[in-house]
Each structure stands twice: as structure tokens, then as C-alpha cells.
Amino acid sequence: MDETPQHNPLLAALLILAASVFIAFTTLLAKGLGTGFLGSMPLGEPLHPLQISHGRFLFAFVAVSSVAWSFRLRPRAVNWKLHIGRTTLGWMGVTLMFASVAFIPMADATAISFLNPVFCMVFAIPLLGEKVGRIRWGAAIIAFVGALILLRPSAQSFQPAALLALTAALIMGMELILIKLLTGRERPLQILLINNTLGLMLATVAVSFVWAAPTLAQWVALVGIGFAMAAAQVCFLNGMARADASFVAPFSYATLIFAALYDAAVFGTRPDLVSYIGAAIILTGALILALREAKLRD
């Protein structure tokens with residue numbers, strides 16, 4: 001699993017699409033746990049976002065550690081500072097994201113989350129010493145305009161919960177910086193194992209203050225979140241390893257489509273015109289940025 005995969009664009013695209021399906025599914029389950037209902041099916045009293053993110057790390061750890069054990073993985077040359085920083089940011093980001101979908105449409109929250117590469121670009125200027133040209137700044141501005149539209153900044157339509165998704169995107173943008181530093185130094189499976197191990201430790205401490213005994217249906221949903229997230233991480237890493245980033249990046253935006261479909265099918269929530277416009281603008285800016293980043297690497 002740690003060997004360099006062969007170049008295979010078709011398989012890469014399919015893996016990224018599969019990752020998108022799993023990621024959107026975790027958001028669906030998080031919304032159900034945060035609202036207490038999965039469509040018309042009651043799950044129990046709404047769970048705190050900290051408890052939902054704890055379930056994500058707990059069962060993702062079970063899945064990833066099982067794979068690591070089967071491959072007899074022995075971590076080596078571990079950069080603990082980068083791992084601790086990355087995991088802390090990832091835990092904060094996913095918790096805020098899970099909190100936001102209990103109050104706003106999944107499509108809106110997912111679209112706002114695509115701002116994380118834009119924030120990553122901004123953070124890369126002081127932290128990695130990268131230079132940003134007019135095209136990349138233009139792409140960032142386009143994406144931010146889309147986010148402002150989704151925030152619906154008027155007294156009648158403003159959605160405060162959208163700020164949770166925006167903050168999650170900002171935090172995950174910082175996390176991307178640390179992931180960039182880690183992927184050039186350590187093996188993917190080792191990164192996944194350490195991330196989920198540290199994340200479980202952090203989430204366990206945090207959830208101890210808000211723990212409530214889940215119902216059987218909630219336990220099933222928590223298991224689903226953890227295993228789906230682990231599957232998404234494996235699919236994404238393997239997809240990225242089999243094709244150029246400029247080729248696979250657009251396929252990751254399918255997460256927005258799957259989130260909207262899940263939300264409509266299960267909760268009956270359908271995006272309005274504002275959602276379509278804001279999401280389209282964000283994706284345009286993110287795609288321009290992804291293509292520009294790929295060109296700079298050539």
C-alpha cells in the first residue's frame with residue numbers, strides 16, 4: 001500500500017468520485033445526528049457536535065488501524081509537531097462542519113468548505129514563502145464572492161450558522177499547509193494512522209464534557225461516519241497518487257452534487273437560486289486556483 005501506484009487517470013477519477021460519495025455521506029449522517037432525525041426516522045435526542053466528531057475519529061481509527069495492522073505498518077521518522085498541529089486543526093474543522101449542517105443546507109455547507117484551498121493559498125504566503133500572482137488572487141476573490149452570496153448578508157436572510165462552515169474552511173485551509181509538509185516526508189498510511197490516533201485522543205478528552213449515551217440508531221450512524229470517513233481518506237489519497245492534481249481536482253467537486261442529492265432525498269431540502277449561484281461562483285474560483293497551481297508545478 002505504500003508502494004508508488006501506477007499512473008491511471010480513469011481509476012484516479014473513479015477513486016476521487018468514490019471519496020466524494022463517502023464524504024457527502026458523512027455530512028448526511030452528521031446532519032441526522034445533529035437534528036435528531038434522518039429524514040422521517042427519529043434517531044434520538046440531537047448529539048453535540050463534539051460527540052459526532054468523536055464518533056468520526058473513533059471508528060475511523062478502528063478501520064485505519066486494522067488496515068495498518070494487516071500491512072504490519074511500523075511508523076518511522078514521525079514528525080510529531082506537524083502531526084499534532086494537523087490533527088488539532090482537522091478535529092476543529094470537522095467539528096465545526098458537523099455543527100453547521102444541522103442548521104443550513106448540506107449543499108451550502110459543502111460549497112463553503114471548498115474555500116479551504118483558497119485559505120491554504122493565503123496561509124502559504126507567510127508560512128511557506130510562496131508568491132501569489134494576479135491569477136491566483138483573482139481566483140481567490142471569485143471564490144470569496146461566492147461565499148458572501150451563500151452567507152446571504154441581509155437582515156432577513158443572513159444565516160449565522162454559515163459562519164461555522166466558513167470558519168471550518170479557514171481552519172481546514174491551515175490544515176492543508178501541514179498536510180503538504182507531511183506528505184513529502186511520510187507515507188500515506190502512516191499519516192492516516194497517526195492522524196486518526198491523535199484525533200481520537202483529542203476528541204475523547206473533548207467529548208467527556210458533553211457525553212450522552214447514544215441510542216442504537218445513533219451508534220449505527222456514528223459507526224457509519226467513522227468508516228465512511230476512513231474509506232474517503234483511502235480513496236482520496238490513492239486517487240491523488242494515480243494522476244495529476246489538475247486532472248483529479250474537478251472530480252472532488254462532485255461532493256457538492258452528492259451532498260445536494262442526499263439532502264433532497266432524505267431531508268427534502270432543495271437548493272434555492274442563491275445556493276446555485278454562490279456554489280457555482282465558489283467552484284469556479286476553486287477550479288481556476290487548482291488549474292493554476294497545477295501549471296505552476298509543471
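The values are calculated or read from the model by the stated rules, or taken from the named source; none is laboratory data. All values reported here derive from a predicted model rather than from experimental measurement. Heads up, the Cβs are rebuilt from the backbone with ideal geometry, glycines too, and the neighbour counts pull from every protein chain shown. In case anyone asks, the SASA skips ligands and DNA or RNA and just uses the protein heavy atoms, side chains included. Shrake-Rupley method; radii C 1.70, N 1.55, O 1.52, S 1.80 Å.
One table, with the values for the structure above:
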item: Verdict on Ala221 being modelled with pLDDT of 95 or more, touching a helix residue (DSSP H, G or I) at 6+ places or on another chain (Cβ under 6 Å) and not aromatic (Phe, Trp, Tyr); result: yes
item: Scope the range 254-275; condition under 21 Å from Asn116 (Cβ atoms) and open to solvent by 30 Å² or more (accessible area, probe 1.4 Å); matching residues; result: Ile257, Phe258, Tyr262, Pro271
item: Complete set of residues in the range 17-58 that are farther than 14 Å from Ala212 by Cα, within 15 Å of the chain's Cα centre (by Cα) and β-branched (Val, Ile, Thr); result: Val21, Ile23, Thr26, Thr27
item: Matching residues, the range 159-214, being among the charged types (D, E, K, R) and either assigned to a helix (DSSP H, G or I) or free of Cβ contacts under 8 Å to residues at least 40 places away in the same chain (or both); result: Glu175, Lys180
item: Sole exception among (1) hydrophobic (A, V, I, L, M, F, W, C); (2) under 17 Å from Leu17 (Cα atoms); (3) surrounded by 21 or more Cβ atoms within 10 Å (Cβ to Cβ); (4) at pLDDT 80 or above for Phe227, by number; result: (3)
item: Evaluation of Leu10 against (1) open to solvent by less than 70 Å² (accessible area, probe 1.4 Å); (2) without any contact (Cβ under 8 Å) to a residue 40 or more places away in the chain (one fails), failing number; result: (1)
item: Boolean, Leu182 is touching a Leu at 6+ places or on another chain (Cβ under 7 Å) and at negative phi; result: yes
item: Qualifying positions in the range 60-78 - touching a helix residue (DSSP H, G or I) at 6+ places or on another chain (Cβ under 6 Å), open to solvent by less than 50 Å² (accessible area, probe 1.4 Å) and not small (Gly, Ala, Ser); result: Val64, Leu73
